[in-house]
Amino acid sequence: QSALTQPPSASGSPGQSVTISCTGTSSDVGGYNYVSWYQQHPGKAPKLMIYEVSKRPSGVPERFSGSKSGNTASLTVSGLQAEDEADYYCGSYAGSINLGVFGTGTKVTVL
Amino acid sequence: EVQLLESGGDLVQPGGSLKLSCAASGFTFSSYAMSWVRQAPGKGPEWVSLITGSGGSTYYADSVKGRFTTSRDNSKNTLYLQMNSLRDEDTAVYYCAKKLGVGMLGPTFDYWGQGTLVTVSS
């Protein structure tokens with residue numbers, strides 16, 4: 001199972017929005033509504049930000065939103081803040097014989 | 001408060017073995033599937049294994065199948081990962097992670113431990 005494809009980097013100024021893509025296939029992202037997004041600061045464990053494409057766990061700000069179209073999922077961070085600077089990874093269910101797959105990661109820089 | 005605390009990471013030679021532990025607290029451990037997820041330096045996470053709440057079923061990534069074994073002791077609220085025939089490419093930080101909900105599919109983990117470093121090198 002190949003990793004999902006994400007752009008290596010993305011950036012925006014404080015207050016702006018940034019959108020990160022996550023491209024898979026019909027066997028993972030496109031086939032199921034089980035896409036998750038994680039935020040990871042250096043030296044820390046990943047933190048769940050979005051699950052099941054667009055749901056936010058308790059405590060995650062509303063400015064984090066998720067969507068999906070075909071084989072590509074997206075994470076949008078609106079109203080960028082300094083603390084949003086981190087690596088972001090997507091993940092997807094990939095069928096009953098596969099545990100699932102993560103993305104290659106995107107480093108978000110707040111300018 | 002949910003806490004996951006891994007231990008057991010170390011430097012080991014290729015072909016060697018190591019057993020990781022993850023002590024859980026703050027939730028009903030036996031009700032949730034648990035996983036091991038690893039992350040090599042500078043790389044994205046890789047799902048290693050999953051074990052159901054009862055421990056009756058286990059699933060592994062192809063990269064570790066036949067070499068790694070996941071188990072749990074629900075009486076001790078502890079998750080384990082026995083790693084045999086270790087290879088250079090197994091070098092990574094190993095995290096234990098709790099599934100967000102019962103029956104949820106895919107990599108949906110709401111709590112992660114702090115990670116334990118496994119280095120495979122001669």
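Couple of notes before you dig in:
- Leading residue by the ranking (nearest to residue B:106 (Cα to Cα)) among those in the stretch A:1-43 that are among the aliphatic types (A, V, I, L, M) and within 12 Å of chain B (Cβ to nearest Cβ): A:35
- Summed over the stretch A:62-105, residues that are of a type in the set (A, V, I, L, M) and surrounded by fewer than 19 Cβ atoms within 10 Å (Cβ to Cβ) total 2.
- Yes/no for residue A:7 being in contact with a strand residue (DSSP E or B) (Cβ under 8 Å, 6 or more places away or on another chain) and part of a loop (DSSP other than H, G, I, E, B): yes
For (1) under 23 Å from residue B:67 (Cα atoms); (2) hydrophobic (A, V, I, L, M, F, W, C), each residue gets a yes or a no:
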residue: B:4; (1), (2): no, yes
residue: B:9; (1), (2): yes, no
residue: B:26; (1), (2): no, no
residue: B:30; (1), (2): no, no
residue: B:38; (1), (2): yes, no
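- Scanning the stretch A:1-43 for residues being within 13 Å of the chain's Cα centre (by Cα) and open to solvent by 70 Å² or more (accessible area, probe 1.4 Å) gives a total of 4.
- On inspection, residue A:51 passes the criterion of being surrounded by 22 or more Cβ atoms within 10 Å (Cβ to Cβ), touching a strand residue (DSSP E or B) at 6+ places or on another chain (Cβ under 8 Å), at the interface with chain B (Cβ under 8 Å from one of its Cβ atoms) and farther than 25 Å from residue B:117 by Cβ.
- Qualifying residue in the stretch B:49-57 (condition: within 14 Å of another protein chain (Cβ to nearest Cβ), β-branched (Val, Ile, Thr) and either under 23 Å from residue B:110 (Cβ atoms) or assigned to a strand (DSSP E or B) (or both)): yes
- Of residues in the stretch B:82-99 being in a loop (DSSP other than H, G, I, E, B) and under 16 Å from the mean Cα position of the chain (by Cα), the one nearest to the other protein chains (Cβ to nearest Cβ): B:91
- Boolean, residue B:42 is within 12 Å of another protein chain (Cβ to nearest Cβ), surrounded by fewer than 20 Cβ atoms within 10 Å (Cβ to Cβ) and not basic (Lys, Arg): yes
- Here residue A:79 clears all of (1) part of a loop (DSSP other than H, G, I, E, B); (2) within 23 Å of residue B:3 (Cα to Cα); (3) more than 9 Å from chain B (Cβ to nearest Cβ) except the condition numbered (2).
- Among the residues of the stretch A:71-103, those identified as modelled with pLDDT of 95 or more and among the hydroxyl-bearing types (Ser, Thr, Tyr) are A:72, A:74, A:76, A:78, A:88, A:89, A:92.
- Criterion (in contact (Cβ under 8 Å) with a residue 24 or more places away in the chain, part of a loop (DSSP other than H, G, I, E, B) and touching a helix residue (DSSP H, G or I) at 6+ places or on another chain (Cβ under 8 Å)) met by exactly one of B:41, B:14: B:14
The values are calculated or read from the model by the stated rules, or taken from the named source; none is laboratory data. This one's a predicted model, so the numbers in the text were calculated from it and none came from an experiment. Using ideal geometry, Cβ is built from the backbone for each residue, glycine included, and neighbour counts are taken over all protein chains shown. The protein model used for the area step is the full one, side chains on, heavy atoms only, and it has no ligands, DNA or RNA in it. Shrake-Rupley method; radii C 1.70, N 1.55, O 1.52, S 1.80 Å.
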